[in-house]
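Peer 1: My questions all concern the structure below.
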Amino acid sequence: MATTDESAHGPAQLVLTASVARRYYLDGRSKVEIAQEFALSRFKVARLLDDARSSGLVRIEIGHPGSVDVELSGRLMSALGLTHCVVTDTPDDLPATMREHLGAAAAELLTEIVTPDDVLGLSWARSVSAMATALRRLAAVPVVQLTGALARSGVDDSSIEVVRDVARVAGGPAYYFYAPMSVPDAATARALRRQPEVAQAFTRIDSVTRAVAGVGAWEPEQSTLYDATAEAERRELAHRGVCAEISGVLVDAAGEPVRSELTERMIGINAEQMRAVPEVIAIVYGPAKVRAVLAAVRGGMVNSLVTHSTLAESLIATAAE
């Protein structure tokens, strides 16, 4: 980390901002944990981190490791028929480090390809949150929330915050809503979808031209939705062939949507809408997600990837089998 223009804040504020930034970026602590340690609200922590980035107290760079492997990116793009593909040489070490590098790479990609004619859709995922954190510049486009918030211990950046952060960088309007990703029953889901702010955001989904999402494998610790679902329902969905989830859309190994009771309880984009988005960029990491990523691509849910070299090599090898 480097400091700049220390006179912009008093020394106490500067020390607090630097301490919060150090916990988050160097120690890998979540915003929830930092808020508890410093007796702050999560929103205050988020503002301090934003200030640390905008003031130059924290600089995030794509360097080595984490540089783009151009040759492997081209091979993976060709193997899977992708629209865009960025593969970094990030080592397979800590998930937080991989998220940071891939988030920065995805931010660079969005800055390059998004034009003022686009409408950007964002699903919640830790990797998408990392992209939002790294984003410094974007065309002035509308930003649309595609999934409700996943209320779960340890998940500290909501889909609303991610949409707001990206819209702030872009300088365009933000369309977001206060609703969970899933609710206890289908009737509640239908009622929530009729709420004005939810309905307004949902009407914008059909205009989305580029979207950013994560891909979860239907396994423990490989999908936040899986981890937030009751054990009996997890097993039942696995028995029905669920292999992956993309923005809450459940698919089998062939990429075909699997409709279920959980599907009816979701607040967010559906399979048909996901397939209709011209470009869906998935930020994905971890060797356990090979089958899930291939399912998402085969099913037309994802057509661009930001990933790392180990997963890219596995995807190429598995796709060729």
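The values are calculated or read from the model by the stated rules, or taken from the named source; none is laboratory data. Keep in mind it's a predicted model, so treat the numbers as computed, not measured. Cβ atoms come from the backbone with ideal geometry, glycine included; neighbour counts cover every protein chain shown. Each accessible area value is taken on the protein alone, full model and side chains, heavy atoms only, with ligands, DNA and RNA left out. Shrake-Rupley method; radii C 1.70, N 1.55, O 1.52, S 1.80 Å.
Peer 1: Lys and Arg at +1, Asp and Glu at -1: add these up for the other residues within a Cβ distance under 10 Å of GLN222 and post the number.
Peer 2: -3
Peer 1: Also, I was wondering about something else. Classify the range 129-210 from the C-alpha gyration tensor, please: rounded if a/c falls under 1.5, else prolate or oblate depending on whether a/b exceeds b/c.
Peer 2: In terms of gyration-tensor shape, oblate.
Peer 1: Of the candidates ASP206, ASP117, ASP92, which one comes out as most mobile in a Gaussian network treatment of the chain with C-alpha springs shorter than 10 Å?
Peer 2: Greatest mean-square fluctuation among the candidates belongs to ASP117.
Peer 1: Give me the Kirkwood hydrodynamic radius of the chain in Å, from all C-alpha pairs, to one decimal place?
Peer 2: Numbers: mean 1/r = 0.0500 Å⁻¹.
The Cα-based Kirkwood calculation yields 20.0 Å.
Peer 1: Rounded, prolate or oblate: which fits the range 72-142, taking a ≥ b ≥ c as square roots of the Cα gyration tensor eigenvalues, rounded meaning a/c under 1.5, else prolate when a/b beats b/c?
Peer 2: It comes out oblate by the Cα gyration axes.
Peer 1: May I ask you to give the solvent-accessible area per residue for the range 240-321, in square angstrom, as obtained with a 1.4 angstrom probe?
Peer 2: 34
Peer 1: With the contact rule set at Cα under 8 Å and sequence spacing of 6 or more, what percent relative contact order holds for the chain?
Peer 2: Across the chain, relative contact order equals 18 percent.
Peer 1: Between beta-carbons, use under 13 Å as the cut-off and find the net charge around ILE316, counting Lys and Arg +1, Asp and Glu -1.
Peer 2: Charge balance near ILE316 sits at -3.
Peer 1: Hey, another quick one. Build a GNM of the chain with springs between Cα atoms under 10 Å: which of ALA174, ALA288, ALA230 gets the top mean-square fluctuation?
Peer 2: ALA230
Peer 1: Follow-up. For the range 133-292, just say rounded, prolate or oblate: build the C-alpha gyration tensor, square-root its eigenvalues into a ≥ b ≥ c, call rounded for a/c under 1.5, and beyond that prolate if a/b exceeds b/c, oblate if not.
Peer 2: prolate
Peer 1: Which of ALA213, ALA232, ALA104 moves the most in a Gaussian network model of the chain with Cα springs under 10 Å?
Peer 2: Highest fluctuation of the listed residues: ALA232.
Peer 1: Helix-only mean residue ellipticity at 222 nm, the chain, DSSP H runs n ≥ 4 weighted -39,500 (n - 2.57), per residue, nearest 500. What is it?
Peer 2: Working: 15 runs with 145 residues, N = 321.
So the calculated ellipticity at 222 nm is -13000 deg cm²/dmol.
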